[in-house]
Every structure is written in C-alpha cells, then in structure tokens.
1. Working carefully through the options G35, G89, G59, G93, find the one that is of a type in the set (G, A, S), assigned to a loop (DSSP other than H, G, I, E, B), outside the structural domain of F243 (by TED's automatic domain parsing) and free of Cβ contacts under 8 Å to residues at least 12 places away in the same chain.
2. Does Y14 meet the test of being closer than 20 Å to L147 by Cβ, in contact (Cβ under 8 Å) with a residue 60 or more places away in the chain, part of a helix (DSSP H, G or I) and aromatic (F, W, Y)?
3. Hey, can you tell me all the residues within the range 247-278 that are touching a Ser or Thr at 6+ places or on another chain (Cβ under 8 Å) and part of a helix (DSSP H, G or I)?
4. Sort out which residues of the range 131-165 are farther than 30 Å from G27 by Cβ and either surrounded by 18 or more Cβ atoms within 10 Å (Cβ to Cβ) or under 22 Å from the mean Cα position of the chain (by Cα) (or both), and write them in order of number.
5. Would you say L76 is of a type in the set (A, V, I, L, M), under 18 Å from G158 (Cβ atoms), touching a residue at least 40 places away in the same chain (Cβ under 8 Å) and surrounded by fewer than 20 Cβ atoms within 10 Å (Cβ to Cβ)?
6. Would you mind stating whether A289 is assigned to a helix (DSSP H, G or I) and either within 20 Å of L240 (Cβ to Cβ) or of a type in the set (D, E) (or both)?
7. Conditions first: (1) assigned to a helix (DSSP H, G or I); (2) assigned by TED's automatic domain parsing to the domain that holds M143; (3) modelled with pLDDT under 95. P44 passes all but one, so which condition is the exception?
8. Can you tell which of A50, A16, A31 is surrounded by 13 or more Cβ atoms within 10 Å (Cβ to Cβ) and modelled with pLDDT under 90?
Amino acid sequence: MVKSWRLWPRWAGYAAAVAGLGYGLLGAFWAVGGGGFPFGVGDPDVSPEAILAHVTPAGAGWWIFGLGAGGAVLGLMLARGNPGRGGRGLLAGLAFALATGLIVVAPDERLLSHVAYTPLVAVMTPFGGVHGLTVASAWPWPMVNMLVLGLIGLLFVGAAVAFLRRAREACLACGRSDRPGRVSAARVGRWASYLAFILPFGYAASRWCWALGIPLGVSDAWLAEMRATYPDVFAAGTYLATFAALGGVLCLGLTRRWGEVVPRWVPYLRGRRLPPGLAIIPATIVSLAFLSGGFAIVRDHLGKALSGAGSELGGAADLLWIVLPLWGVTLSTATIACRLRRRTTCATCGRGATAAA
C-alpha cells in the first residue's frame, strides 16, 4: 500500500480522469431528475451568499457533466502527453485552474468551521455529542461532497505536478533534476512558517477578548446583544481561538527540530525521529480548509460590503477575516517547503545523497 502511494505520479493523471468522468456522470444523473443533488436547492443549510446557493439540478447538472468529461480528457492528456513548452504550460494551467475551482471556489465557508469543530465533536460523540451533534450528523452529504470535490482537485494537482516532472525530465518519484534550484525550500519555508505562526493570533485575541467581555474591534452594543442572544457562541469562539493559536504554534514545527525529532522532555519517546507525514498530512488538510473556507468568508463579506448590506461585525473586526485565506496561503507554502526539505535520498534516481548525509 505504501509503495503504491509512492508511485502516485504514475497513476495521478488516470485517477483524475476517472474521478472527473465519474463526477460528470453524477451531474448527468442529477440533470435527468436523479436524487442527491448537493448544491443550491439540494442543500438546505446553504448560505444565500454562497456562490452556488441558487443552482438547480436541471441548470447545473449538464454543466457538471461537461466539466467532468473535459476533466477526464485533461487527466488522460496529463497522464500520457508530453507536448512542447507552449502546450505544456497550457495543460498544466488548465489543471491548476480546475483544481482551484474545486478546492477554493466550489466549497463555502461551512467547510472551514466543520473541519475546526470535528475534533471536538469526535471527542464528545461517545458522550452524546455537542448539543446532540455527532460526527455523522455534522457531515451530511452536501458537506461530504465538498470533501469529494477537494479530493478530485488534489488529484488534478498531482496529475499536473507529475506531468511537469516528466516534461522537464525530472525524477517522477522525488521531483529532483540535474538543474540547479532557483529557490531554497528551507528559506521560503522558514519565512512562511513565521507568518503562519503570527497570523492566527489576531483572530484568537479578538475571540478571547469577546469571551472576557472586552469589545476588541466591535461595539459595546454588538457584544452585549450577542451575549444576550447567543450565550454559547463565546464558548465556541474560545475553542476556535485556542485551536487556531495552537495551530499557529505547530506551524513553527514545520521548520524546527522539534517538528522532526521528539524533544528530550517527552518521556519514553524522546529522541525518536517523527515521520514527515505526521506534520505534512494535517498541515495539508488545514491549509486547504483555510484556503477554501477563508476565501469563501472574504467573498461573503466583500459581497455584503458592495451591496451595502453591511457586516454583522463591522469595524476593525472585519479585517480579521482577511487573515483566514492568508493563513491558508502561508501554511500551504510552509507545508510544501517542509515536504521538499525533508526529502531523503531517492531510491529511484539516487539524487539527494549529499543533502541526506
């Protein structure tokens, strides 16, 4: 199983093609009256401001089929093709554009909150959940569909990366080539991890202050109204703030020794080397959630501002929402840099022996 995952550059394009075609056929099924449409009218909890809030199966189903069929063709071309420089950029650009639509544009802001609350709900599920909410009820089909779209998007990212590796005659397994690197992964990752550490503390500080009754960035009237109307919201905000702050601290581990080797003060495990996936996989999930949910929240607030509807917060607190997609960008950058930096000697091409030594 592990060996199959390491061979992902060989099958990513085919997997993307199959996934695109499969989801396209789902679109055709919805277009002819099939059940389970997860967007717009088929999603009872969707926000009116969501980009897909008002789509219908008849209107969107055939578009989904067309995009899925086009994605299947694109996946096969990425898996089998190796065109010239111009065509190379076009195919990779189309794949990254499609992945951006699937990962960032299609989901709405609920994905971020569901990812953030899932650890708490999972811990409390054996005890009845949080206000009766369990992991199963927290992830209905429209929410699971957002994860499916994200996974398909990642397949197209992987297919594009593998395609570009073949095009520049790099090793398919590790991505290294004989050409000198232009950017140091260690340097980029260090600065990105610093920013990913700092950014969430503005958001966290505001939620901690609100829980303590301090109107940081909001009016006294708004804070008093929220405390009277939604008393539980501040406990939830405190959890999210603490979760974000802890995540910010863990971002430093992507470039620090304690993120690679268990510190000495940890009993029984001290000195053991941590597998890269232990940091990279959670960081990837969180960064994608912040990219999709963060941009959706900013898009929502920007739409309200342009329409004159205004925000429920107002004032300086609105600026804190900008942090969410920025955190996603910096965390994803730090994660990619960590992955590149922690590569060992490649068993396929033998490159990296000097760095590993």
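1. Working: G89 fails: assigned to a loop (DSSP other than H, G, I, E, B); G59 fails: assigned to a loop (DSSP other than H, G, I, E, B); G93 fails: assigned to a loop (DSSP other than H, G, I, E, B).
That would be G35, the only listed residue that is of a type in the set (G, A, S), assigned to a loop (DSSP other than H, G, I, E, B), outside the structural domain of F243 (by TED's automatic domain parsing) and free of Cβ contacts under 8 Å to residues at least 12 places away in the same chain.
2. On the way: closer than 20 Å to L147 by Cβ: no; in contact (Cβ under 8 Å) with a residue 60 or more places away in the chain: yes; part of a helix (DSSP H, G or I): yes; aromatic (F, W, Y): yes.
When the stated conditions are applied, Y14 does not pass them.
3. C251, L252
4. Quick first cut of the range 131-165, residues farther than 30 Å from G27 by Cβ only: 131-134, 165.
Within the range 131-165, just R165 meets the criteria.
5. Numbers: of a type in the set (A, V, I, L, M): yes; under 18 Å from G158 (Cβ atoms): yes; touching a residue at least 40 places away in the same chain (Cβ under 8 Å): yes; surrounded by fewer than 20 Cβ atoms within 10 Å (Cβ to Cβ): yes.
Yes, satisfied.
6. Details: assigned to a helix (DSSP H, G or I): yes; either within 20 Å of L240 (Cβ to Cβ) or of a type in the set (D, E) (or both): yes.
Yes.
7. Failing condition for P44: (1).
8. On the way: A16 fails: modelled with pLDDT under 90; A31 fails: modelled with pLDDT under 90.
A50 is the lone residue from the list that is surrounded by 13 or more Cβ atoms within 10 Å (Cβ to Cβ) and modelled with pLDDT under 90.
The values are calculated or read from the model by the stated rules, or taken from the named source; none is laboratory data. Since the structure is predicted, the reported quantities are computational estimates derived from the model, not experimental observations. Quick reminder, even Gly has a Cβ in these numbers, built from the backbone with ideal geometry, and neighbours come from all protein chains shown.
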